[in-house]
Amino acid sequence: MAGKDPIKVILDKCVGCELCVKACPFDAITMENKKAVIDLAKCTLCGACVDACKFDAIIIEKKEAPKQADFSLYKDVWVFCEQKKGKVQSVAYELLGKGRELADKLGSKLCGVLLGDNIEAECDELIARGADRVYLVDSPKLRAYQDEPYSKVLCELVTKHKPEVVLCGATTIGRSLISRVAVKIRAGLTADCTGLDIDPEEKLLLQTRPAFGGNIMATIIAPNTRPQMATVRHKVMKEADPDPKRKGEVIKEDFDEETYSSRSRLVDIVEEIEETVNLAEADIIVSGGRGVGAPENFDVIKDLALTLNGAVGASRSAVDAGWIPYSHQVGQTGKTVCPKLYIACGISGQIQHLIGMKSSDVIVAINKDPEAPIFSVATYGIVDDLFKVVPRLTQEFKKILH
Amino acid sequence: MKIIVLIKQVPNTTDVKIDPETNTLRREGVESVINPFDMYAIEESIRIKERFGEGEVIVVSMGPPQAEDALREAISLGCDRAILLSDRKFAGSDTWATSYTLSQAIRKIGDYALIFCGKQASDGDTAQVGPGVSMHLDIPQVTYVKKIEEITKTNARVERMTEEGFDIIETPIPAVFTVVKEINEPRLPSLKGKMKAKKAEIQVWTAEDIGCDEKMIGLDGSPTRVVKIFNPPPREGGQILDGEADETSRKLAEFLKDVVIG
């Protein structure tokens, strides 16, 4: 049996230094008689211990699957360009910016993929933002996103044109769509990437993403399948600037009724009226927590958010207390956000909250308790009553902005 | 009506602390819990069974032998029976292989009406397994479900949370639903439930039991490979602004001027 284990400790080489125990993110290594023992039930074969071991005492035997096909047929970097109500979403421009860089490193084309109804006018913008080619599928059946028609169309396009890389926003739509496509075409998919690069030797897509709520980072590859697919976190990559002089081609594709058909049916799209912009799109978020104390007190938070043209966020305790709807919740059981500026007011900063916002560019913490964990991630901290500071801050910003 | 709920055992993030000196995870004494989103999936499964007044809720998890604890907890909450998919051959599974393995188990259970899971797991955060399962089984999916408006034995009308609000979707059954926190408020285990959980027999299924193609499971069945794990760069030390509120708010606004004007 032992010979079949995919990971092994070479006992002669192991000196019992315990570096691997510390390195293991899954707590799968223990020491017995000063030798490392790996619990295969916990081990995910991530290789952290192999890298950590200075004595080459741990080896992972990777039975590489035979390559499926000749990968030389696969070329080009694709970006799935999400649209809502006929308007391409900003996450697509972020991906075109990154995609351009990857395509240049691979020496291949950058292609936008656009599905929608009566949406051809948007193609120019995709080309201006860096696409060499746009695959356009224009049909009344594709007016709004639906899981089945969108995934069938994308599978057909990928199978026909064989891209090397497919990128998609890690949005509600993107995450629902691309997981289906990856399963159908048996391709590797990495979720919620915050970094993408090309390995200069192997020409592989290096996909870096946070795991364990951002406590560790992992770089992932898909060496034996094509295309290499990734969803990318919104607001992390910089939007490509438009260049109206850029030239590109539009390739129109059409499919049969079966491909456009759906067993489930989209009955209605409801937009909840918000006083402020939505959390995922916001460059600035002002959040309130337990310290806000009452639902009507959220007005202080909302005033600041409105002044800054930002969105209103909340911690779990404020949501659970019923002061503000769940759609505002930032954190592990809510939304993960990474705005340019995050202002946390009366939020203590439990780890579940920090997970959802700590990759923001600038973090401001306003809290009465100097020991609150939120200060450990804050760029600027003010130890004071939020009801004293926040209204004054609103006034200061009004002066600056007007 | 047979309802299957898929759950994952994850480390409890409230226990995960960062060692400030090495900036690595401190995991001593970290307990394992049911993935928080899966608690809502369990609750919704039980509520639907109660709504119909008949049926069976089967909870399934893929993981090491100790994931049995998570399954027992699910039974204490009201699930009728539990199946653990556990096999050394599953080690190293990515989301492709995991969704394949789960779908094989679901096929073996058979004759199901609904499959529930949390929208994502708190350790991996991929949100890929639910849609993957629906694709493997070739049944409709609705992700990010925040409300089940109506449900019959053949159809459901549900609300799917979006960035701007929600979509209303009608779907035939069987279907896969991945749920968000807003959908319900999970109950606590009853005393009777706890007794039942203690005595419950947890079925364990291996790769062979569910007829897995070995090329589709574990590390070999996973298209993705982790090549590097590292610590995120630490945040640069912050600055505490001292003084009265008038002064601190003025200083802060000044510091943030460029960000705000953007």
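The values are calculated or read from the model by the stated rules, or taken from the named source; none is laboratory data. Only a predicted model underlies this, so the values are computations on that prediction, with no experimental measurement involved. As a convention, Cβ positions derive from the backbone with ideal geometry for all residues, glycine included, and neighbour counts pool all protein chains shown.
Structure notes:
- Figure legend. Inter-residue proximity from region A:369-385: first residues touching a residue at least 24 places away in the same chain (Cβ under 8 Å), second residues in a loop (DSSP other than H, G, I, E, B) and of a type in the set (A, V, I, L, M, F, W, C), beta-carbon distance below 8 Å, spacing 6+ or different chains. Indicated pairs: A:Ala372/A:Ile347; A:Ile374/A:Ile347.
- Test for A:Glu125: is it of a type in the set (Asp, Glu), crowded, with 17+ Cβ neighbours inside 10 Å and in contact with a Ser or Thr (Cβ under 8 Å, 6 or more places away or on another chain): no
Rundown of residues vs (1) more than 30 Å from A:Gly356 (Cβ to Cβ); (2) crowded, with 20+ Cβ neighbours inside 10 Å; (3) not β-branched (Val, Ile, Thr), yes/no style:
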| residue | (1), (2), (3) |
| --- | --- |
| B:Ile75 | yes, yes, no |
| B:Arg88 | yes, no, yes |
| B:Trp96 | no, yes, yes |
| B:Gln104 | yes, yes, yes |
| B:Cys117 | no, yes, yes |
| B:Asp125 | no, yes, yes |
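- Scanning region A:366-383 for residues that are buried (at least 20 other Cβ atoms within 10 Å of the Cβ), at the interface with chain B (Cβ under 8 Å from one of its Cβ atoms) and not in a helix (DSSP H, G or I) returns A:Val377, A:Ala378, A:Thr379, A:Tyr380, A:Gly381, A:Ile382.
- Filtering region B:145-153 for residues that are in a loop (DSSP other than H, G, I, E, B), in contact with a Phe, Trp or Tyr (Cβ under 9 Å, 6 or more places away or on another chain) and under 30 Å from B:Met216 (Cα atoms) leaves an empty set.
- In region A:123-167, the residues that are among the aromatic types (Phe, Trp, Tyr) and under 23 Å from the mean Cα position of the chain (by Cα): A:Tyr145, A:Tyr150
- Residue satisfying condition, being modelled with pLDDT of 95 or more, farther than 28 Å from A:Thr171 by Cβ and not aromatic (Phe, Trp, Tyr), within set A:Ile301, A:Ile382: A:Ile382
- Condition met for A:Asn367 (assigned by TED's automatic domain parsing to the domain that holds A:Phe387 and more than 21 Å from A:Ile400 (Cα to Cα)): yes
- Number of positions in region A:352-365 that are outside any strand (DSSP E or B), crowded, with 24+ Cβ neighbours inside 10 Å and touching a Phe, Trp or Tyr at 6+ places or on another chain (Cβ under 6 Å): 1
- Among the residues making up region B:44-55, a single one is touching a Cys at 6+ places or on another chain (Cβ under 9 Å) and either of a type in the set (Ser, Thr, Tyr) or not in a helix (DSSP H, G or I) (or both): B:Ser45.
- Residue tally, condition facing chain A (nearest Cβ under 7 Å), of a type in the set (Ser, Thr, Tyr) and more than 22 Å from A:Lys335 (Cα to Cα), over region B:136-173: 1
- Filter result for A:Glu82 (at pLDDT 95 or above, buried (at least 22 other Cβ atoms within 10 Å of the Cβ), touching a strand residue (DSSP E or B) at 6+ places or on another chain (Cβ under 8 Å) and within 14 Å of another protein chain (Cβ to nearest Cβ)): yes
- Figure legend. Inter-residue proximity from region A:83-110: first residues outside the structural domain of A:Val165 (by TED's automatic domain parsing) and over 16 Å from B:Thr162 (Cβ atoms), second residues buried (at least 19 other Cβ atoms within 10 Å of the Cβ) and among the β-branched types (Val, Ile, Thr), beta-carbon distance below 8 Å, spacing 6+ or different chains. No pairs are indicated.
- Condition broken by A:Thr307, with the remaining ones in (1) within 12 Å of chain B (Cβ to nearest Cβ); (2) under 30 Å from A:Cys111 (Cβ atoms); (3) touching a helix residue (DSSP H, G or I) at 6+ places or on another chain (Cβ under 8 Å) satisfied: (2)
- Being more than 13 Å from A:Gln352 (Cα to Cα), more than 9 Å from every other protein chain (Cβ to nearest Cβ), at pLDDT 90 or above and surrounded by fewer than 24 Cβ atoms within 10 Å (Cβ to Cβ) is a condition met by at least one residue of region A:323-334.
- Leading residue by the ranking (nearest to A:Phe212 (Cα to Cα)) among those in region B:118-135 that are at pLDDT below 95 and at the interface with another protein chain (Cβ under 7 Å from one of its Cβ atoms): B:Asp123
- Verdict on B:Phe166 being farther than 24 Å from B:Ser99 by Cβ and touching a residue at least 12 places away in the same chain (Cβ under 8 Å): yes
- Restricting region B:221-262 to residues that are assigned to a helix (DSSP H, G or I) and of a type in the set (Gly, Ala, Ser), the residue that is surrounded by the most Cβ atoms within 10 Å (Cβ to Cβ): B:Ser249
- Checked against the criterion of being aliphatic (A, V, I, L, M), touching a Gly at 6+ places or on another chain (Cβ under 9 Å) and touching a residue at least 40 places away in the same chain (Cβ under 8 Å), region B:103-112 contains not a single residue that satisfies it.
- If only residues of region A:191-243 that are of a type in the set (Gly, Ala, Ser) and either in contact with a Gly (Cβ under 7 Å, 6 or more places away or on another chain) or not assigned by TED's automatic domain parsing to the domain that holds A:Val79 (or both) are counted, the one that is modelled with the lowest pLDDT is A:Ala211.
- Only residues that are more than 13 Å from chain B (Cβ to nearest Cβ) and among the hydrophobic types (A, V, I, L, M, F, W, C) were counted across region A:237-274, and they come to 5.
- Verdict on B:Lys49 being surrounded by fewer than 20 Cβ atoms within 10 Å (Cβ to Cβ), farther than 30 Å from A:Val232 by Cα and of a type in the set (D, E, K, R): no
- Here the condition is being within 27 Å of B:Gly211 (Cβ to Cβ), part of a strand (DSSP E or B), touching a residue at least 60 places away in the same chain (Cβ under 8 Å) and not polar (S, T, N, Q); of B:Ala82, B:Ala74, B:Ala41, B:Ala70, it holds for B:Ala82 alone.
- Here is the figure for region A:168-206: residues that are at the interface with chain B (Cβ under 8 Å from one of its Cβ atoms), assigned to a strand (DSSP E or B) and on the phi < 0 side of the Ramachandran plot total 4.
- Qualifying position, being under 22 Å from A:Val389 (Cα atoms) and among the aliphatic types (A, V, I, L, M), among A:Val337, A:Val292, A:Val319: A:Val292
- Any hit, region B:200-215, residues being at the interface with another protein chain (Cβ under 8 Å from one of its Cβ atoms), over 23 Å from B:Tyr40 (Cα atoms) and either surrounded by fewer than 18 Cβ atoms within 10 Å (Cβ to Cβ) or not small (Gly, Ala, Ser) (or both): yes
- When A:Ala240, A:Ala222, A:Ala230 are checked against the criterion of being crowded, with 21+ Cβ neighbours inside 10 Å, touching a Ser or Thr at 6+ places or on another chain (Cβ under 6 Å) and touching a residue at least 40 places away in the same chain (Cβ under 8 Å), A:Ala230 stands alone in meeting it.
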